[in-house]
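The values are calculated or read from the model by the stated rules, or taken from the named source; none is laboratory data. Just so we're clear, the structure is a prediction, and the values are computed from it rather than from any experiment. Note that each Cβ is placed from the backbone with ideal geometry, even for glycine, and that neighbours are counted across all protein chains shown.
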Amino acid sequence: MTMTLVHDLKASAARLDRALADYLAETPLSGPGPAPERLVAAMRHGSLNGGKRLRPYLVETSAALFGISPHQATRTGLALEMVHCYSLIHDDLPAMDDDDLRRGQPTVHRAFDEATAILAGDALLTHAFAVLGDPATHPDPSIRIRLVAELAAGSGAGGMAGGQMLDILGESSPLTETEILSMQAMKTGALIRAAVRMGAMLGGASDRDLAALTAYAEAAGRAFQLADDILDVTASAEAMGKATGKDADQGKQTLVGILGLDAARLRLDAMVAEAIAALTPLGPNADRLRAIARYFAARET
């Protein structure tokens, strides 16, 4: 990973952390009544304890291709990260993956309780759409509507939530390689796809450019998930900040389990190459997106 990408990732994560910290407070979260202090604390615990903030960075990087500054893209990235954080809180619950650690800290249901964790996730998801609907995110209401629809598609039954359902079903019935890829494209890839597309929508990308970016995002999403599956086998819990080796223990089906580690690494290289090739119509302006795809494969946490 180049020093430029390291710097950009850190700067983007810092912007996002500030936006999260500002928004996840009693006044912004209150509506007809005041947001309960315990609920706000749980939302903050599940959102502010680190994280690479890769999805907001993808929003910023895609938007930058069309002249949108990182500052202008921050609120869109904020909404996306809130959905991602809600999904992690719910994934960690005993009824799902039953994890005690997330980013090296107790998961929300351990730090608080299961009911509070469920409500914290519910609130993060709900407020994400309030952020996108606010004129501060984009002055054009038609763009805001597109952003809302894109995030809903990426996080709903045909996206992340549906992918999680397929993952659970796969614990008790065998999946083919094609079915695993489809499940992972929904569970993990859909929000990565949404991030890239939402950045392009902020900048009014043409249909041609949006198609190229969509193809890139889908391949990059596959690479991100396969790299995660490889890390679950090869990385330590200390490095990852969460339990590792749980996929096999829970009967989760992955490409690593089907192909073996060496073949999975070769497949990962091919996925990254596919993502990079998809950006050809965008020329050298898309080099940062190419670097992100390479980072997905090379990351160690």
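Worth a mention:
- Cross-chain or 6+ apart pairs with Cβ under 9 Å, segment 157-184 first and touching a residue at least 24 places away in the same chain (Cβ under 8 Å), then β-branched (V, I, T) and surrounded by 17 or more Cβ atoms within 10 Å (Cβ to Cβ): M160/V83; M160/T188; G163/T188; G170/I180; I180/T254; Q184/T254
- Residues that are of a type in the set (G, A, S) and more than 16 Å from G154 (Cβ to Cβ) within segment 64-118 comprise A64, G67, S69, A73, A95, G104, A111, A115, A117, listed in sequence order.
- Top-ranked residue of segment 101-119 - restricted to ones that are touching a strand residue (DSSP E or B) at 6+ places or on another chain (Cβ under 9 Å) and not hydrophobic (A, V, I, L, M, F, W, C), ranked as surrounded by the most Cβ atoms within 10 Å (Cβ to Cβ): T107
- Meets criteria (basic (K, R), out of contact with any Ser or Thr (no Cβ under 7 Å at 6 or more places or on another chain) and at pLDDT 95 or above) for R38: no
- Reported count of residues in segment 154-181, each being surrounded by fewer than 19 Cβ atoms within 10 Å (Cβ to Cβ) and farther than 26 Å from A128 by Cα, is 11.
- Subset of segment 43-73 [among the aliphatic types (A, V, I, L, M) and closer than 19 Å to L289 by Cβ]: L54, L58, V59, A63, A64, L65, I68, A73
- When segment 260-301 is filtered for residues that are outside any helix (DSSP H, G or I), out of contact with any Phe, Trp or Tyr (no Cβ under 8 Å at 6 or more places or on another chain) and under 14 Å from A212 (Cβ atoms), nothing remains.
- Close pairs (7 angstrom Cβ cut-off, 6 or more residues apart or separate chains): at pLDDT 85 or above in segment 289-301, part of a loop (DSSP other than H, G, I, E, B) anywhere: L289/L279; R290/L279; A291/T2; Y295/M1; A298/M1
- Among (1) under 21 Å from P135 (Cβ atoms); (2) surrounded by fewer than 18 Cβ atoms within 10 Å (Cβ to Cβ) - the single one M3 does not satisfy: (1)
- Restricting L78, L29, L24 to those that are over 24 Å from A211 (Cβ atoms), touching a Phe, Trp or Tyr at 6+ places or on another chain (Cβ under 9 Å) and surrounded by 23 or more Cβ atoms within 10 Å (Cβ to Cβ) reduces the list to L78.
- Look at (1) buried (at least 16 other Cβ atoms within 10 Å of the Cβ); (2) assigned to a helix (DSSP H, G or I) and you find that T137 fails only one, number (2).
- Among the residues listed as A194, A190, the single one being more than 17 Å from D228 (Cα to Cα) and either touching a residue at least 60 places away in the same chain (Cβ under 8 Å) or in a helix (DSSP H, G or I) (or both): A194
- Residue in segment 87-100 that is in contact with an Asp or Glu (Cβ under 7 Å, 6 or more places away or on another chain), more than 24 Å from G162 (Cβ to Cβ) and surrounded by 20 or more Cβ atoms within 10 Å (Cβ to Cβ) present: no
- Inter-residue pairs, beta-carbon under 6 Å, first surrounded by fewer than 19 Cβ atoms within 10 Å (Cβ to Cβ) and in segment 259-282, second among the charged types (D, E, K, R) and in a helix (DSSP H, G or I), 6+ apart: none
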